[in-house]
2 protein chains.
Amino acid sequence: MDDRQYAKTKALKMLKAAGIALTKTEEENLEIAGFGLNDLLSTGLELITYVNTERCCAKELVLLPGQTCPEHRHPPGFGGPGKEETFRCRAGEVYLYVPGKATPAPKAKPPAGDEAHYTVRREIVLRPGEQYTLMPDTLHWFQGGPQGAIVSEFSTASHDDTDVFTHPGIIR
Amino acid sequence: MDDRQYAKTKALKMLKAAGIALTKTEEENLEIAGFGLNDLLSTGLELITYVNTERCCAKELVLLPGQTCPEHRHPPGFGGPGKEETFRCRAGEVYLYVPGKATPAPKAKPPAGDEAHYTVRREIVLRPGEQYTLMPDTLHWFQGGPQGAIVSEFSTASHDDTDVFTHPGIIR
């Protein structure tokens, strides 16, 4: 099984175990984001976009165990200050990093070799039922814990193609 | 046990059965909306507001079996066209009514005696994983099925106190 197929199967299994109901179409269209780095199980994200209009957006994000969504920000654009988003942990555990004083002995490490592209190091640990709101244009990255994580994202309109990543090799 | 306590206990039990994790604070602050009609188990709603900023909002709504959220709309205001919202069924079954051709033999009936205050009759049935997006200022009402329903609401900013209800006796 290749990495994409493995990620899809595993993500759907995690969603099912968490009791999150999906339509057949949503299951088939599960998005696998590898960010152009060709190392999906290390740097990647699986997601379902429930709704994304000009005004608001909701997604379900799945992080496999130890999988990292790489550092990025949502810049101003489309007549607004940029995307505002709330991450709510539904299952597992997620380690979120934001600007501020670096947390000593953090739970996550950036993907090996890519440390220079992970510049914010203040840690927020989210367990099921816990959430954190990120204001627009704030650098952030996050990683799934040992059992991975399912995270609901509630936000303003999403324009993924305008996200600014710290890693110069990333394509979204 | 009075109706409010019953509704709270039942709603928390339904959320737990659906695998939806809440913090202790969220459980304690579960909102019980009776809409001023003093008939909570017939006309009412239990909800948790996860986030509500100037730009976006997310809530978890619980409808007890047969419980109805009464007909209302979200008018323009606060510099915008009004609240846009997506209802996503997470558990149970919900019957949503919107403008359009009345559905023959609908699954829900308005609360007895209040029929005149329920004017839109086109039925949308939502089962787990199914969703529907309501544009601003659209009249709607909804009722939980035989096992009740849990519905995630993804929306623009929520200003419940400006909602316009069809029933003149309602206080929100």
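What the table below lists for this structure:
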{"item": "Computed [θ] at 222 nm, helices only, for chain B once each DSSP H run of length n ≥ 4 contributes -39500 (n - 2.57)", "result": "-3500 deg cm²/dmol"}
{"item": "For the axis carrying chain A to chain B: nearest C-beta residue of A, whole Å", "result": "A:19, 2"}
{"item": "Radius 13 Å from Cβ of residue A:114, net charge of other residues (Lys, Arg +1; Asp, Glu -1)", "result": "-2"}
{"item": "Low-density loop positions, GluC sites (Glu not before Pro), region B:1-60 - DSSP coil, at most 13 other Cβ in 10 Å", "result": "B:54"}
{"item": "Using alpha carbons only: equivalent-ellipsoid semi-axes of the protein assembly as shown, gyration tensor based, whole Å", "result": "38, 20, 19"}
{"item": "Copies compared at residue A:36 - label distances in nm, ascending, label defined 7 Å from Cα in the Cβ direction", "result": "5.6"}
{"item": "Three-way shape label, region A:85-164, alpha-carbon gyration tensor, a/c 1.5", "result": "oblate"}
{"item": "Label point 7 Å beyond Cα along the C-beta direction, distances from residue B:105 to other copies (nm, shortest first)", "result": "6.6"}
{"item": "Local electrostatic count at residue B:29 - Lys and Arg +1, Asp and Glu -1, tallied over other residues with Cβ under 13 Å", "result": "-3"}
{"item": "Residues of type lysines that residue A:109 reaches as a straight line, Cα spacing below 23 Å, ignoring anything fewer than 8 places off in the same chain", "result": "A:10, A:101"}
{"item": "Range of Cα positions in region B:3-165 per principal axis (Å), largest first", "result": "42, 38, 32"}
{"item": "Label 7 Å beyond Cα on the Cβ vector: residue A:23 copy-to-copy distances, nm", "result": "3.4"}
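Just so you know, all these numbers are worked out from the coordinates, no wet-lab data involved. Worth saying up front: this structure is predicted, and the values here are computed from it rather than measured. Neighbour counts run over all protein chains shown; Cβ positions are idealised from the backbone, glycine included.
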